[in-house]
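Input: a single structure, listed below in structure tokens.
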Amino acid sequence: MTTVATSAAPPTVETTVIPRASDLGGGFKVLRVLPSAQRRMVGPFVFLDQMGPVQLEAGSGLDVRPHPHIGLATVTYLFDGEILHRDSLGSVQPIRPDELNWMTAGSGIVHSERTPPELRAAGPRVSGLQAWVGLPERDAEMAPAFAHHGAAELPVITEPGMRIRVIAGEAFGVRSPAETRSPMFYADVTLVAQQRLHVPSEHEERAAYVVEGAVRIDGQAYPPGQLLVFARGADVTLSALGPTRLMLLGGEPLDGPRFVWWNFVASTRERIEQAKEDWRAERFAPVPDETERIPLP
């Protein structure tokens with residue numbers, strides 16, 4: 001009798017990333033999702049932090065002093081609370097839930113992120129995500145820029161049991177107004193219990209970060225605080241095991257490897273060293289009306 005070996009279908013979830021916790025001081029904690037030992041990047045996303053949720057003490061607030069960036073765009077999105085952004089271009093912009101702050105560092109920018117003074121007395125609550133999107137080599141030294149998009153500007157898809165806000169890039173047939181430099185997508189998805197979601201397959205690399213609730217894929221349950229990186233080309237359908245919120249992200253991989261050191265992203269170590277020396281020597285433009293700065297590690 002001859003038996004024919006059959007190969008099992010490849011798993012839908014190629015890699016599972018368990019974030020590591022980090023305390024930024026003052027009781028403010030983040031979960032560092034990317035980069036990790038399991039996965040350095042997903043599409044152009046080189047960094048992803050979950051901020052909170054945290055209730056800070058009365059009279060206190062978030063105080064991320066001025067610090068520099070090169071070679072990337074910061075993508076800030078809140079679920080709860082408010083953060084005041086200031087940068088070396090002179091931008092002063094509060095960000096609130098369901099809004100987007102997109103800051104393109106390019107050749108170099110400095111910014112601070114703080115709780116507005118009027119919200120400190122009661123003890124602010126903060127919850128959200130900050131991502132970094134690497135810039136293609138052709139744009140790595142572009143002039144820095146900042147853009148804010150209110151909640152009403154970001155397209156929303158609403159179906160029974162499902163709500164999807166496309167924050168950046170293109171997905172589910174709609175496009176965010178945020179100006180991106182390479183094909184990508186970033187979406188905030190909320191699902192009711194038992195709701196199924198088919199993840200679009202047009203992007204080369206895709207992942208889902210479970211913020212709240214849990215999802216099931218191929219019979220496997222995934223709780224909150226996990227990044228699920230999907231196999232390329234996989235037909236991905238997930239179902240919510242209860243009320244669930246997740247972020248979908250990915251896109252086209254960057255055009256070559258990237259070095260990430262502190263707040264700097266570059267395709268060469270030499271560019272990182274130059275940025276380090278420029279910050280040490282105070283050659284970055286300062287943030288107006290800010291006198292503090294985070295020293296080079």
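The values are calculated or read from the model by the stated rules, or taken from the named source; none is laboratory data. Predicted model only: the values in this text are computed from it and were never measured. Every residue, glycine as well, gets a Cβ built from its backbone with ideal geometry; the counts of neighbours run over all protein chains shown. Side chains included, ligands, DNA and RNA excluded: accessible areas come from the protein's heavy atoms. Shrake-Rupley method; radii C 1.70, N 1.55, O 1.52, S 1.80 Å.
A few remarks follow.
- Check on Ser112, over 22 Å from Glu292 (Cα atoms), of a type in the set (Ser, Thr, Tyr) and either over 12 Å from the mean Cα position of the chain (by Cα) or part of a strand (DSSP E or B) (or both): no
- Counting the residues of the stretch 197-228 that are assigned to a loop (DSSP other than H, G, I, E, B) and of a type in the set (A, V, I, L, M) gives 1.
- Search result, residues across the stretch 181-205 that are under 30 Å from Pro144 (Cα atoms) and touching a Pro at 6+ places or on another chain (Cβ under 8 Å): Arg181, Ser182, Met184, Phe185, His203, Glu204, Glu205
- Qualifying residue in the stretch 268-291 (condition: free of Cβ contacts under 8 Å to residues at least 60 places away in the same chain, hydroxyl-bearing (Ser, Thr, Tyr) and open to solvent by 60 Å² or more (accessible area, probe 1.4 Å)): yes
- Cross-chain or 6+ apart pairs with Cβ under 9 Å, the stretch 198-212 first and within 17 Å of Arg245 (Cα to Cα), then open to solvent by less than 10 Å² (accessible area, probe 1.4 Å) and outside any strand (DSSP E or B): Arg206/Gly43; Ala207/Gly43
- Checked against the criterion of being crowded, with 21+ Cβ neighbours inside 10 Å, touching a residue at least 24 places away in the same chain (Cβ under 8 Å), under 25 Å from Val64 (Cα atoms) and touching a Phe, Trp or Tyr at 6+ places or on another chain (Cβ under 6 Å), the candidates Ala140, Ala147, Ala168 yield just one match: Ala168.
- Filter result (assigned to a loop (DSSP other than H, G, I, E, B), modelled with pLDDT under 90 and more than 22 Å from Pro97 (Cβ to Cβ)) within the stretch 22-63: Gly25
- Subset of the stretch 64-84 (residues that are outside any strand (DSSP E or B) and not charged (D, E, K, R)): Gly71, Gly81
- Of the candidates Asp235, Asp255, the single residue that is touching a residue at least 60 places away in the same chain (Cβ under 8 Å), open to solvent by 20 Å² or more (accessible area, probe 1.4 Å) and touching a helix residue (DSSP H, G or I) at 6+ places or on another chain (Cβ under 6 Å) is Asp255.
Let's see how each residue does on (1) among the basic types (Lys, Arg); (2) out of contact with any strand residue (DSSP E or B) (no Cβ under 9 Å at 6 or more places or on another chain); (3) at pLDDT 95 or above; (4) closer than 22 Å to Asn101 by Cβ:
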{"position": "Arg165", "(1), (2), (3), (4)": "yes, no, yes, yes"}
{"position": "His203", "(1), (2), (3), (4)": "no, no, yes, no"}
{"position": "Ala207", "(1), (2), (3), (4)": "no, no, yes, yes"}
{"position": "Pro223", "(1), (2), (3), (4)": "no, no, yes, no"}
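- Filter result (of a type outside the set (Val, Ile, Thr) and over 17 Å from the mean Cα position of the chain (by Cα)) within the stretch 204-229: Glu204, Gly213, Ala214, Arg216, Asp218, Gly219, Gln220, Ala221, Tyr222, Pro223
- For the stretch 86-113, a tally of residues being under 15 Å from Val126 (Cα atoms), open to solvent by 20 Å² or more (accessible area, probe 1.4 Å) and either hydroxyl-bearing (Ser, Thr, Tyr) or free of Cβ contacts under 8 Å to residues at least 60 places away in the same chain (or both) returns 5.
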